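Structure first, commentary second.
The values are calculated or read from the model by the stated rules, or taken from the named source; none is laboratory data. Since we're looking at a predicted model, the values are computed, not measured. With ideal geometry, Cβ positions are generated from the backbone for all residues, glycine too; neighbour counts draw on all protein chains shown. For the accessible areas, the whole protein counts, side chains as well, though only heavy atoms, and no ligand, DNA or RNA atoms are used. Shrake-Rupley method; radii C 1.70, N 1.55, O 1.52, S 1.80 Å.
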Amino acid sequence: MTSERKNPHIVVVVGTRPEVLKLIPVIDALKEQKSVQSTLVFTGQHDSLVSDTIHGMTFDPDVSLNLMSQDQSLYDLVNKCMLQLKEIVQDLRPQCIMVQGDTATAFAASMVAFMEGIPLAHVEAGLRSHNKKEPFPEEGYRRLIDVLANFHFAPTGMSAQNLRREGVPKENIYITGNTIVDALNTIVPQCRTVQNPELSSLLEKSQSKLVLLTAHRRESFGEPLDNIFEAVKNLTLMDPEVEIIYPVHPNPNVSERSKDLRSHDRIHLLDPLSYEDLLLTLQHVHLVLTDSGGIQEEAPSFGLHTIVLRNNTERQEGVAAGIATIVGTDKELITTTALQKLKAYQPVSEMFDVPVNPYGDGKASRRIADIVASKLTGSPRSTRDWCGP
């Protein structure tokens, strides 16, 4: 793989669907930077979920690994990822390694960057729930990655403040916006046809109050997940117009406990959705119930309120903007809050003020690419409409 290079070389490492979605716009922006070269490495952490990920975006990794095996632990995953990435990095000898978010892939790549003495760029730096056990292991991963990072691309002012409180020098923090908004701007206009037949028929129920449920986090396993399921059952009983759309995560801790929901006519359990189908769902539903992080960033672009099925969130911007409500897994609070938000629902087309996504303006990727190229080459920055030193 090694070749003579005249320009600084960046290795971008991705492994999961969110990483792919959020870094493809950055990779495209890096390619427009003539002063740097980049190599995209895909670890395969979410291989089965990434293959059908993107419409209108090109995902063509230069190097693909095959890390996943059945029932492997986090120890196995991180260890295999580090060892394989070490070989690649030692061969390519890049001037920078770029990671995104808080996955096992991002953590392993960050450790390799540290061990090899290579500057690390962290996209989506500074997110904090301030509880190392929620979400687990993501909160630990992102804190450790930020300790090792040289360039911190904070999506918002709140995330930048978290970094400053932890002692990260101001000159190493750049407020860029979240690149998921860039991705949405590319993908959404091209999403027209629902691929899942059952989902397609559900989205045509114009008289129903459609609610999207996603629940799969480790800390939700067991009684918390049971409470969530009881809450959505109660929601359908208390409002006969409500229909629940629930793409079930394949983890047995989720899929096995969700089987009881199949006996309820207005709770629809689906296979995991392609990303296009997820976005088309967000265009049709009235409300989102989720313990996920990414949907909290995506829902605002569709004018949707998000009920967060967790005790805290690392994405406080939505709460501050009044478009997200944290309820934990208290089944009564979930039900009453959902009923309240459904009653207040207003389609985007009827809103006086079109919602603005508090997580970004669609220009984050260009800012990140411009900053990285400037730092590695010493050239002036071409993109000026961003905040930071």
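When Pro252 is tested against the conditions (1) in contact (Cβ under 8 Å) with a residue 12 or more places away in the chain; (2) within 28 Å of Gly101 (Cβ to Cβ); (3) not hydroxyl-bearing (Ser, Thr, Tyr), the lone failure is (1). Going by what's in this entry, would Leu74 be described as of a type in the set (A, V, I, L, M, F, W, C), modelled with pLDDT of 95 or more and surrounded by fewer than 21 Cβ atoms within 10 Å (Cβ to Cβ)? Judged against the criteria, Leu74 is not a match.
Of the strands (runs of 3 or more DSSP E) lying entirely inside the stretch 209-310, those carrying at least 3 residues that are under 25 Å from Phe136 (Cα atoms) are 209-214, 287-290, 306-308.
The residues in the stretch 17-41 that are modelled with pLDDT of 90 or more and part of a loop (DSSP other than H, G, I, E, B) can be counted, and the count is 3. For the stretch 202-222, a residue qualifies if it is at pLDDT below 95 and either aliphatic (A, V, I, L, M) or over 15 Å from Leu282 (Cα atoms) (or both), and the qualifying residues are Leu202, Leu203, Gln207, Ala215, His216, Arg217, Arg218, Glu219, Ser220, Phe221, Gly222.
Right, Pro252: open to solvent by 30 Å² or more (accessible area, probe 1.4 Å), modelled with pLDDT under 95 and over 21 Å from the mean Cα position of the chain (by Cα) or not?
On the way: open to solvent by 30 Å² or more (accessible area, probe 1.4 Å): yes; modelled with pLDDT under 95: yes; over 21 Å from the mean Cα position of the chain (by Cα): yes.
So Pro252 fits the description; yes.
Okay, residues lined up against (1) over 26 Å from Gly362 (Cβ atoms); (2) among the β-branched types (Val, Ile, Thr); (3) open to solvent by 10 Å² or more (accessible area, probe 1.4 Å):
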position: Leu287; (1), (2), (3): no, no, no
position: Asp291; (1), (2), (3): yes, no, no
position: Gly303; (1), (2), (3): no, no, yes
position: Arg310; (1), (2), (3): yes, no, yes
position: Gly322; (1), (2), (3): no, no, yes
position: Thr325; (1), (2), (3): no, yes, yes
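Every residue in the stretch 42-58 that is touching a helix residue (DSSP H, G or I) at 6+ places or on another chain (Cβ under 6 Å) and either modelled with pLDDT of 80 or more or surrounded by fewer than 15 Cβ atoms within 10 Å (Cβ to Cβ) (or both), please. Show your work before the answer.
We begin by selecting, within the stretch 42-58, every residue touching a helix residue (DSSP H, G or I) at 6+ places or on another chain (Cβ under 6 Å); these are 43, 45-46, 49-50, 53, 55-57.
Result: Thr43, Gly56.
Asp277 falls short on exactly one of the conditions (1) over 28 Å from Asn312 (Cβ atoms); (2) open to solvent by less than 10 Å² (accessible area, probe 1.4 Å); (3) without any contact (Cβ under 8 Å) to a residue 60 or more places away in the chain, and that condition is (3).
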